[in-house]
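Everything below concerns the one structure shown next.
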Amino acid sequence: MVEEILHLVSRPSRYLGSEINSIHKDLSRVELKFALIFPDLYEVGMSHLGLQILYQILNQHPKIAAERAYAPGADMEQVLREREIPLFSQESRMPLREFDILGFTLPTELNYSTVLNILDLAGVPLYSRERDTRYPLVIGGGSCVFNPEPLADFFDAFVLGDGEEVILEISEAVTQGKRITGQKEDLLKSLSRIPGVYIPSFFEPRYLPDGKIEKIIPLSADYQKVEKRIVADLDQAPFPDKPIVPFMNVIHDRLNIEIARGCTRGCRFCQAGIIYRPTRERSPRKIAQIAEQALRATGYEELSLLSLSTGDYRAIDSLLTCLTRRYAGEKIAISLPSLRVGSVSEHLLQEIKKVRKTGFTIAPEAGTQRLRDVINKKNTDEEILKIAGLAFQLGWQSIKLYFMIGLPTEGQEDLEAIVDLAQRIKLVSKGKKINLSFSTFIPKPMTPFQWEPQITLDEMEARREFLRREISKIRLNVKGQDPALSLLEGFLARGDRRLAPVILAAFRRGARLDTWSEHFCFDLWKQAFIENGIDPNFYANRRREPTEVFPWDHLDCRVSQDFLWEEAERARQGLTTPECLEDRCHECGVCDFETISLKMSKPDDLASFEEEVKSKGSRARKFEWTTRIRSRFSKQREARFLSHLELISCFYRAIRRSGLPLEYSGGFHPLPKMSFGPPLPVGMESMAEYVDFKLNGSIKPEDFTRILNQELPQSSSGGLQILESKEIPWKSSSIFSSVIQTSYEIPLSGLKEASRIGPEVAIERFLQSPEVLVDEEKKGRFKKRDIRRLVKSMSLRDNKIELILKAGEEGIIKPTTVLKKVFELSEEEASLLRILKTDMLFGETLLLRG
């Protein structure tokens, strides 16, 4: 299938890179071309909110075009390399090396090898020193840039902190640099004057004989340290009101709204809780406005309120009440994916379950109260058991428990306590499902635990095996992260510039997509360390001295080292630190109390907005009675690559955007009353697909067709398009059960290339056979099936094969099954045929074209 997709590379389409709300600019009319790159697969990158925010900010500027790129899958990479096709952007298909800026999001150290793979596929030299002004500037942002030193030799610049403001300042500097056409060094000097921008080539680390860092030398007198950027007021920061809606399933396939940045809790293992300080909450009214606009523009059926601890949002009760009151009637679920145990209330859970129950996770992190005090996670066993019991009582059928192993001071009694706590939660579950997962603690830069060692691989495996064995005894589902992945992340998280050749060597040996278990190979990394004569344990498995110079000491997250050390000391004493609030400051150093300080929301901000909502009523159109509509639609060109589930999602969200009043089933998980005919195999085109809709109201079929076509993805060359619609009786048989035959056309050109026998001979031989048996797999079993009796006719006409198939007891057989047998094709050869479904015949006369 990858080979067939590649013919689209040379021209834009409404699918690959042209999703709903994606932006396409005329690149000849802009001054700056900015590629936003996520170094992982599309389904991960499209779930990343930060990239969507920057995409909208940049594209709102009339002289800037921002496009996206993601890491290709292994099969796609193979084809790109074999055919020497440079990696390209999603929107215009322009090679990445032709952009002015390549901006990488760096959410995890496990993406580092994939960054190099993307640069290599793009034809861009890997080392910064090898790139002059003929190549794009390579910039990184995200949580990993608070210690980007392992990547420093590959990047021209990094952005520390919030990107909403600095991204346009960087763009302006690069645009000015293009006009001047000076040297790259001049451009880097210009960028270094922008607060929050780190130019790694302007600093030089010096090392001691024992391998530790002696000092980090600034090479410019007026560029001694880089301080992170902070957006003081989220209400003033841009946020996407028309986020891109992917056609394929992605990791977090929903509308995500960031309601707060930062966290007041101060968990000592949590890097995000430090580097995103201070806590700044978006106002409830602003959140509600974003939700209203974005849900209308996307058609999403779930709204997720994001922050490091959503339950701690000051106005969460009034906000959640307002949103559920507004959207419950439209069957839009509200989810709060990050809930601290102490912030969960019965009211919160009651509001969440009003439409349908989204996922529910409890994160005790540690098994004993002693260890939870060490990490400043102050939840008690009683609180944890109370919330678990409440969730089950209110109808949740499953919950997830999350723990960490290898935390500082952890002993065997702490591991045993995890098992005991899980067993106690099982007792209150009354037979419902509990999934337990755990990961290994990784000491991250700029946290109170940055001085701590990471446990060894042998210790990780021993503790992991203990938990798996003991949790299995109490019959709970358990899974843990691969210890080797945790160890690699630990090496890279606290690494320095001497790891650059290690990352390069691992990449050259084949490392990429390391976040995926099917691609990760620890042996490649071990060989890379050996090849470069570096002991990885130097970076992960030793305790740092209080006076040791860290690789990131010239980078400032505004939280002082003194505060972090004091927190580390309190951890060793088992002392907790209260949360950071307006009237209780711990003097961490991040706030200046002039422009930068805590910003908390107020519940009464929503009063006027709720009045506006009441005056508008529901977004859905209102009609007088119930209608059942049956539509015939086409699925052509790039739309043929949508799976059946993706097709359903595409129609469902188009209906939502249109405001057509679709009916829903009842119960805890209401489903739209929309049913399709037999699934079309991925890659096949059709002019005869069918779908039924049940609508809460009356509408003329031609109006229904017109309204829905305005929201379905189409282009001049095809896509998804309703061809005709008809109102049918409420109790009509389903499409699926009414089909009696289907018709197809297959261009002869594709068959002539693949088949080893002439088409006339092959067809004649097949039609003359009284019986043709094939092995058909179903639920892991193979059985013989006579396909000859299912073929009504097969003939050659106008350089095409016309094939008509009859329905058997087990439904319609796939045309590729017939074509493989008739023309002696392999599975791959059959999958690459361009097949068009032209018609469908039904047993009921009321169906369209039946």
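The values are calculated or read from the model by the stated rules, or taken from the named source; none is laboratory data. Quantities reported herein were computed from a predicted structural model and do not represent experimental measurements. Reconstructed Cβ throughout: ideal geometry from the backbone, glycine too, with neighbour counts over all protein chains shown. Quick note on the areas: whole protein, heavy atoms, side chains included, nothing else; ligands and nucleic acids left out. Shrake-Rupley method; radii C 1.70, N 1.55, O 1.52, S 1.80 Å.
Just the protein heavy atoms count here, and of the accessible area of the range 642-727 at 1.4 Å, carbon and sulfur take up 52 percent. Residues whose amide H lies under 5 Å from that of G367, counting only those 5 or more places away or on a different chain, are I418; hydrogens are built 1.01 Å from N in the peptide plane.
Set Lys and Arg Cβ to +1 and Asp and Glu Cβ to -1, take the dipole of the chain about its Cα centre, and tell me which of Y744, I64, T298 lies farthest positive. Among Y744, I64, T298, the one farthest towards the positive end of the dipole of the chain is Y744. Taking 7 Å steps out from each Cα toward its Cβ at E702 and A272 produces label points 5.3 nm apart. Helix 483-493 and the longest principal axis of the C-alpha atoms of the chain enclose an angle of approximately 60°.
With contacts taken as Cα pairs under 8 Å at a separation of at least 6 residues, the range 694-794 carries a relative contact order of 14 percent. With the simple model of a label 7 Å out from the Cα in the direction of the Cβ, T181 to E569 spans 6.1 nm.
The relative contact order of the range 658-731, computed from alpha carbon pairs under 8 Å that lie at least 6 residues apart in sequence, is 27 percent.
The residues of the range 189-300 expose on average 38 square angstrom of accessible surface per residue, using a 1.4 Å probe on protein heavy atoms.
How large a share of the accessible area of the range 335-406, in percent, is made up of carbon and sulfur atoms when the probe is 1.4 Å and the other protein chains stay in place?
Of all accessible area on the range 335-406, carbon and sulfur atoms account for 50 percent.
Take the alpha carbon atoms of the range 364-432, find their center, do the same for the range 176-242, and report the distance between the two centers in whole angstrom. Using only Cα atoms to place each centre, the spacing works out to 42 Å. Protection proxy ranking for 692-703, 592-603, using the average of other Cβ atoms within 10 Å per residue and placing the highest first: 692-703, 592-603. The average projected area of the range 339-446, computed from the convex hull of its Cα atoms over all directions, is 7.1 nm². Whole-Hz Karplus values for the range 540-553 come out as 10, 9, 10, 7, 7, 6, x, 9, 5, 7, 8, x, 9, 5 Hz, taken residue by residue from phi with 6.51 cos²θ - 1.76 cosθ + 1.60 and θ = phi - 60°; glycine and proline positions read x. Stretching the chain fully between E827 and E777 yields a gain of 16.6 nm (0.36 nm per residue, less the alpha carbon separation). For the range 155-196, backbone nitrogen atoms closer than 13 Å to the point 7 Å from D132 Cα along Cα-to-C-beta are found at 182-185. Residues in the range 338-353 near a label at Q393, defined as backbone nitrogen under 14 Å from the 7 Å Cα→Cβ point? Answer for the range 338-353: 345-350.
Any idea what diffusion coefficient the range 659-771 gets from Stokes-Einstein, in µm²/s, Kirkwood Rh on alpha carbon pairs, 37 °C, 0.692 mPa s?
On the way: Rh = 18.0 Å.
Translational diffusion coefficient: 182 µm²/s.
For the pair H24 and E214, the difference between a 0.36 nm per residue extended length and the Cα-Cα distance amounts to 63.4 nm.
Close amide-amide hydrogen proximity is noted between F104 and I37, I139, G140, G141, each under 5 Å apart and 5 or more residues distant or on a separate chain (H modeled in the peptide plane; Pro and chain starts excluded). When DSSP beta bridges are restricted to pairs lying wholly in the chain, around 55% turn out antiparallel. Computing FRET efficiency as 1/(1 + (r/R0)^6) for K526 and L645, where r is the C-beta to C-beta distance and R0 is 30 Å, gives about 0.15.
Leaving ligands, DNA and RNA out of it, report the carbon-plus-sulfur percent of the accessible area of the range 127-264 at a 1.4 Å probe. Each step should come with its number before you reach the end.
Values: 2780 of 5730 Å².
Its accessible area is 49 percent carbon and sulfur atoms.
Phi angles across the range 638-643 convert, under the Karplus curve 6.51 cos²θ - 1.76 cosθ + 1.60 with θ = phi - 60°, into 3J(HN,Hα) values of 5, 5, 5, 7, 6, 6 Hz, Gly and Pro given as x. Annotation: per residue accessible area for the range 719-775 equals 56 Å², rounded to a whole number [probe 1.4 Å, protein chains only].
At 1.4 Å probe size, with every protein chain present, just tell me what the per residue accessible area of the range 776-841 comes to in Å².
On the way: 3800 Å² over 66 residues.
Accessible surface, normalised per residue, equals 58 Å².
Using θ = phi - 60° in the Karplus curve 6.51 cos²θ - 1.76 cosθ + 1.60, the 3J(HN,Hα) couplings for the range 291-307 round to 4, 4, 5, 6, 5, 5, 7, 10, x, 4, 9, 9, 10, 10, 9, 9, 5 Hz; x is entered for Gly and Pro. If the viscosity is 1.002 mPa s and the temperature 20 °C, what Stokes-Einstein diffusion coefficient in µm²/s follows for the range 402-524 when Rh is the Kirkwood radius over Cα pairs? My calculation gives 132 µm²/s for D. The spacing between the range 41-87 and the range 761-794, judged by their C-alpha centroids, is 44 Å.
Let me make sure I get this right: for the range 104-231, a, b and c are the square roots of the gyration tensor eigenvalues over alpha carbons, sorted descending. Under 1.5 in a/c it's rounded, otherwise prolate if a/b > b/c, else oblate. Which is it? In terms of gyration-tensor shape, rounded. Between the residues L80, P681, Q52, the greatest Cα displacement towards the positive end of the dipole of the chain, with unit charges on the Cβ of Lys, Arg, Asp and Glu, is found for P681.
How large is the dipole of the range 150-302 about the Cα centre if only Lys and Arg carry +1 and Asp and Glu carry -1, each at its Cβ, rounded to the nearest 20 debye?
Working: 22 positive and 23 negative charges, 63 e Å.
Roughly 300 debye, rounded to the nearest 20.
Only alpha carbons enter this Debye calculation for the range 164-232, each as an equal point scatterer, and the log10 of I(q)/I(0) it gives at q = 0.13, 0.14, 0.17, 0.27 Å⁻¹ is -0.47, -0.54, -0.71, -1.19.
Rounded to the nearest 500, the helix-only mean residue ellipticity at 222 nm of the chain stands at -9500 deg cm²/dmol, with each DSSP H run of n ≥ 4 adding -39,500 (n - 2.57).
Here the simple spin-label model places points 7 Å from the Cα toward Cβ, and for T456 and R584 these points are separated by 4.1 nm.
Taking Cβ atoms as reference points and 12 Å as the exclusive limit, the residues near M446 contribute a net charge of +3, counting Lys and Arg as +1 and Asp and Glu as -1. Size descriptors for the range 332-380: radius of gyration and Dmax over Cα atoms are 13.2, 41 Å. Proximity of backbone amide H atoms, modeled 1.01 Å from N, is registered between L833 and no other residue at under 5 Å, excluding neighbours fewer than 5 places apart on the same chain. The range 478-510 and the range 551-586 have Cα centres spaced 28 Å apart. When the Cα gyration tensor is reduced to axis lengths a ≥ b ≥ c, the ratio a/c is 1.5 or higher for the range 276-332, and with a/b above b/c it is classed as prolate.
Work out how much length D786 to S517 would gain on full extension: take 0.36 nm times their residue separation and subtract the Cα-Cα distance, in nm to one decimal.
On the way: separation 269, 0.36 × 269 = 96.84 nm, distance 4.08 nm.
Taking D786 through S517 to full extension adds about 92.8 nm, to one decimal.
For the chain, the spherically averaged projection of the C-alpha convex hull amounts to 38.7 nm².
How high is the relative contact order of the chain? Use alpha-carbon pairs under 8 Å, at least six apart in sequence, and give a whole percent.
It rounds to 11 percent for the chain.
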